Amino acid sequence: MPDLATTDANTSASAFPVVSFDICETYVSFLKNEELSPPLAAILALSKLIETSDAGTMLELVKALNEGAGALKASTSNPISLNAGCELFIAFVTLLPHDSASFSDLKLELVRQGQKYAAEALTYRDKIASLALGFIKDDSVILTHSYSRVVMKTLLRAHERKRISVYVTEARPRGLGLRTYEELTAAGIPCTVVLDSAVSYVMDKVDFVLVGSEAVVESGGLINAVGSNQIAIIAQAANIPFYALAESYKFHRLFPLSQYDLPTHTSNILSFPLSSGGNVTSPPTAGGIKSLHEKSTNAGCIRQMTPEQIACNPGVDYTRPDLITLVFSDVGSLTPEGVSQYVVGMFAG
């Protein structure tokens, strides 16, 4: 695990030498610790940027932090979660009251505070698990989606005290639900994998839905692994509670109105293939169709999407706040309206 609190508050200004610094490489190195989610890795990477920066004024430092955040955003196809961490840390830097004797001392304090926050934030999943436990009754049947560390923490905590059974979606195309299934089964929790297309089939058998989050946005809505939105729609139709678990560092000043407002959406998502002339490509020839048919009917053969087809599909989606029953966080159990108020307050000057 990366050392989150190695900065000596008494270190002199020479602690900030001008050295070559790659923020993307630093971010990736922090992510090697599986306990660190992207927002925390981003906060630690930005803290390291301060440590190596030669900025002499707050204006220069904030400019460097924004440039670093921009580099991190450009380095990934899904910057939503790390953006939340960058946004939180930069707001903290600009709003921190201080009485430091020099700007070098202030930078030292910012580094120390960033590392301290990241270390403290590692306890948030335990807080959320304890909070959500009160809503999980004995003999509960739960539906979860994909893989989430805070959901895993909560389910394992519940298993220690109560009898639970879990349906988990396969969560294509990455199939992370299978990881959830394996870990829950290894812990002795009765668990069944559900096809993403069979969520409606199983919904009447569950007591509630429990999902993690990439981010919780200013509207109180949720950004999570693709498929979360349709699960929430089905749950509402069946009058089943839909609970989201989210650490407060995933609260994000973003206000999407639809799937197409997400930063991850590009013109390639769910686009139709075009020929070089701008016309839709021709369907496979009869011989090609026959070949595909023979391949798909061979014993044990399952047709799968190609990497190109997968790349044309979204990895996350947006769930409207009216579909969410409660958001469990380290700051409490919040309605979507409560989340919205909290996010606005987080960034108030």
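Roll a 1.4 angstrom probe over the protein heavy atoms and tell me the percent of accessible area of the stretch 64-190 that is carbon or sulfur. C and S atoms contribute 51 percent here.
Within 10 Å, at most 16 other Cβ atoms, and a DSSP state outside H, G, I, E, B define an exposed site. Report the longest part of the chain free of exposed GluC sites (Glu not before Pro). That gives 36-349 as the longest site-free run. Here are labelled values, (i) 22.9, 79; (ii) 24.4, 98; (iii) 30.0, 113, and one is the computed Rg and Dmax of the Cα atoms in Å for what I pasted. Which one? Matching entry in (i) 22.9, 79; (ii) 24.4, 98; (iii) 30.0, 113: (i).
Within the shell of other residues whose beta carbon sits under 14 angstrom from the beta carbon of residue 257, the net charge comes to -3, with Lys and Arg scored +1 and Asp and Glu -1.
Of 61, 257, the order by accessible heavy-atom surface (1.4 Å probe, DNA, RNA and ligands excluded), from most exposed downward, is 257, 61. Listed cross-link partners 116/153; 107/153; 63/116; 32/205; 205/250; 63/127 are compared with a 28 Å cut-off, the Cα-Cα value being larger for 107/153; 32/205; 205/250; 63/127. Using the Cβ atoms and a cut-off under 15 Å, what net charge is assigned to the surroundings of residue 145, where Lys and Arg are +1 and Asp and Glu are -1? Local net charge: -1. I need to check one value: relative contact order of the chain, counting alpha carbon pairs closer than 8 Å and at least 6 residues apart, in percent. Relative contact order for the chain comes out at 17 percent. For the set 21, 328, the ranking by accessible area, highest first and with no ligand, DNA or RNA atoms included, is 21, 328 under a 1.4 Å probe. Charge tally for residue 157 (other residues, Cβ to Cβ under 10 Å; Lys, Arg +1; Asp, Glu -1): +2. Between 155, 184, 274, the residue with the greatest mean-square fluctuation in the GNM of the chain (Cα pairs under 10 Å linked by springs) is 274. In this simple spin-label model, placing a label point 7 Å from the Cα along the Cα-to-Cβ direction at both residue 71 and residue 141 gives a separation of 5.2 nm. Helices in the chain, meaning DSSP H runs of at least 4 residues, each add -39500 (n - 2.57). Divided by all residues, the mean residue ellipticity at 222 nm is -13500 deg cm²/dmol. In the context of the full protein assembly, residue 98 retains an accessible surface of approximately 100 Å², using a probe radius of 1.4 Å and ignoring ligands and nucleic acids.
Only protein heavy atoms count here; on that basis, with a 1.4 Å probe, residue 317 has an accessible area of about 10 Å². Per residue, the chain exposes 50 Å² of accessible surface when a 1.4 Å probe is rolled over the protein heavy atoms with every protein chain present.
Solvent exposure of residue 305, expressed as accessible area, is near 100 Å², computed with a probe of 1.4 Å over the protein chains only.
The values are calculated or read from the model by the stated rules, or taken from the named source; none is laboratory data. Small disclaimer: the values here were computed from a predicted structure and weren't measured. No Cβ is skipped: glycine too gets one built from the backbone with ideal geometry, and neighbour counts run over all protein chains shown. What goes into the accessible areas is simple: the full protein's heavy atoms, side chains included, and nothing from ligands, DNA or RNA. Shrake-Rupley method; radii C 1.70, N 1.55, O 1.52, S 1.80 Å.
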